[in-house]
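Beneath this line is the structure, given in structure tokens, with notes to follow.
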Amino acid sequence: MALLAKRLGKNRTIAETGAGLHGIAIATVCARFLVRVVHSGTATLKDATSEAIQDWVTNVETTHYILGSIASPHPYLMMVRESYAVVGKETRKQALEKWGGKPDVLVARIGGDSNAMGLFHEFVNDKDIRLIGVEAAGFGPDSGKHVANFVVVIQLGLSRAFKRLSRLEGIIPTLETSYALAYLEKLCPTLPNSTKVVVNCSGRGDKDVQTANKNLQV
């Protein structure tokens, strides 16, 4: 999309970011462009996306919006899907190499949804594969401020999941991904022993270290 911005003659780009990786990638690839960092009062992805779109439509002649979330008009949704589709394709390839077949269950955290779209799209027509999206409960499942048709996970188990992946794999997960990892404690006991489960880790966990240390007693 940065190359598209250059092709269109736009000398300014704007992007929203949630888990952090998208922001770093955009800042890197657009080093020769002016990249505005969007920050909202509540520091939520929803508000960052709203402000980015508002800025974009105000400066549409000079600005290209490099979207990283599944939330915008056509053709951006398809562009994001195709950009992240490598996640699902690589998952299928590695599952075949490791297990000799497809995974049985795919788990992804729900937020901006680009990571979930990237993982799920490759397998959406595989009816024998279970796709699970996990969202943090936020203000609670009765608040209406969550995706009701997805699994909702409260903070219970979040600290254990954050610590476990960091210690066993040397990968610091984002807090968003930690909710998906925490859900495994509930999911795995319900599955047969031979079930092959893939959890998609997304974002930059290093940005959450201080928050985790303060609130999760890591």
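Summarising the label geometry, the points placed 7 Å from Cα in the beta-carbon direction at residue 195 and residue 171 lie 1.9 nm from one another.
So, by mean Cβ neighbours within 10 angstrom, what's the order for 86-95, 206-215, 65-74, 110-119 with the highest one leading? It would help to have the intermediate numbers written out before the result.
Numbers: 86-95: 16.0, 206-215: 13.7, 65-74: 19.6, 110-119: 25.1.
Listed from highest to lowest mean packing, they are 110-119, 65-74, 86-95, 206-215.
If R₀ is 25 angstrom, what is the calculated FRET efficiency for the pair residue 4 and residue 96, using the beta carbon separation as r and rounding to 0.05? Taking R0 as 25 Å, the efficiency between residue 4 and residue 96 is 0.15. Straight Cα distances below 20 angstrom link residue 102 to the aspartates and glutamates 90, 122, 126, 128, with same-chain residues fewer than 8 positions distant left out. In this simple spin-label model, placing a label point 7 Å from the Cα along the Cα-to-Cβ direction at both residue 209 and residue 86 gives a separation of 2.6 nm. Label-to-label distance, residue 126 versus residue 185, with points set 7 angstrom from Cα along the beta-carbon direction: 2.8 nm. Taking 17 Å as the straight-line reach from the Cα of residue 127, the aspartates and glutamates in range (excluding those fewer than 8 positions away in the same chain) are 104.
Every number here is computed from the coordinates shown, using simple stated rules; none is lab data. Here the structure is a predicted model, which means the values were calculated and not measured. Glycine gets a Cβ as well: all are built from the backbone with ideal geometry, and neighbour counts include every protein chain shown.
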